[in-house]
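Presented below is the structure to which this report refers.
The values are calculated or read from the model by the stated rules, or taken from the named source; none is laboratory data. This is a predicted model, so every value here is computed, not measured. All Cβ positions, even for glycine, are placed from backbone atoms using ideal geometry, and neighbour counts span all protein chains on display. The accessibility values were calculated without ligands, DNA or RNA, using every heavy atom of the protein model including side chains. Shrake-Rupley method; radii C 1.70, N 1.55, O 1.52, S 1.80 Å.
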Amino acid sequence: MSPDLELTQEELALFNLIKAALNSKSRSTVVRVAGGWVRDKLLGLPSDDIDIALDDCSGVEFANLINDYMKAIGLPVRSIGVI
């Protein structure tokens, strides 16, 4: 049985934005949420640190895809840093 996770409005908006950005480019990228956010959600704790795992592109490529989509729909884009 899968646990029910309660998403905040911000989390839901973020995940919907990611799905829409991928769909806009007909990408089949599998995006998984990982790390402490998942643990915290399972424990019913608040968390604002969402780690994303991707199956077929780099983080920079994904960030650029998100920025391109945000720009196309009139949202402000973010700077991208590589460490």
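Find all pairs meeting these conditions: Cβ atoms under 7 angstrom apart; at least six residues apart or on different chains; first residue within the range 53-72 and over 15 Å from PHE15 (Cβ atoms); second residue among the hydroxyl-bearing types (Ser, Thr, Tyr) and open to solvent by less than 50 Å² (accessible area, probe 1.4 Å). Between residues of the range 53-72 that are over 15 Å from PHE15 (Cβ atoms) and residues that are among the hydroxyl-bearing types (Ser, Thr, Tyr) and open to solvent by less than 50 Å² (accessible area, probe 1.4 Å), the close pairs are ASP55/THR29; ASP56/THR29; CYS57/THR29. Among the residues making up the range 39-57, those that are open to solvent by less than 60 Å² (accessible area, probe 1.4 Å) and more than 13 Å from the chain's Cα centre (by Cα) are ASP40, LYS41, SER47, CYS57. In the range 1-31, the residue that is modelled with the lowest pLDDT out of those that are part of a loop (DSSP other than H, G, I, E, B) and of a type in the set (A, V, I, L, M, F, W, C) is MET1. A count restricted to the range 58-79 and to residues that are surrounded by 12 or more Cβ atoms within 10 Å (Cβ to Cβ) and either in contact with a Pro (Cβ under 6 Å, 6 or more places away or on another chain) or assigned to a loop (DSSP other than H, G, I, E, B) (or both) stands at 2. Restricting SER28, SER24 to those that are polar (S, T, N, Q) and touching a Phe, Trp or Tyr at 6+ places or on another chain (Cβ under 9 Å) reduces the list to SER24.
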